[in-house]
Structure formats: C-alpha cells, structure tokens
C-alpha cells in the first residue's frame, strides 16, 4: 500500500500544479480508491471519516488552496436509475 499511496500523492501533486496554472476549474476522473486516498491523506475532513462504500461514478469536489471539501462521494445524479437499466452506470 505504501507504493500506491506514494503514487496517489504524486498524482495529487500534479493535479495541484495543474490547478494553480488553470484559468478555471480542473476536473479529475479517477477510480474510487485513488479518490479515497486523496481525501484521506490530502483533504481535511475535520475529524470525520469518508463514507463507505464509495459509490460508482460519484462526485467529490474540492476547492482551494487551502484545500477543503465541498462535497464527497455524491451520487445524487444517479437517483432514479436502477441496476440493470440500459443507461445506468456499471
């Protein structure tokens, strides 16, 4: 896990560097495990833990610096879909 967290930290540093140069918001699409690592290790939760399990295609939004979470593991955009629907996310 140490190697994974090191790679996730490197990726987070690259995102921060890109965000600092961007004229507007930066979107990052990643797997839930990487998103969990970002939140757990780099974004303040104010002593709270992140929700489990991490929803497929959920949205986590942060703003900074200083970096703070605006929403975490939000899946409201999935409401109304049922597993197996042709247009439902896998």
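The values are calculated or read from the model by the stated rules, or taken from the named source; none is laboratory data. Computed from a predicted model, the values in this text were never measured in an experiment. Using ideal geometry, Cβ is built from the backbone for each residue, glycine included, and neighbour counts are taken over all protein chains shown.
For region 1-30, enumerate the residues that are in a loop (DSSP other than H, G, I, E, B) and within 16 Å of the chain's Cα centre (by Cα).
Of the residues in region 1-30, the ones in a loop (DSSP other than H, G, I, E, B) are 1, 22-30.
Correct list: 25, 26, 27, 28, 29, 30.
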Among residues of region 34-56 being more than 21 Å from residue 77 (Cβ to Cβ) and part of a helix (DSSP H, G or I), the residue modelled with the lowest pLDDT is 42
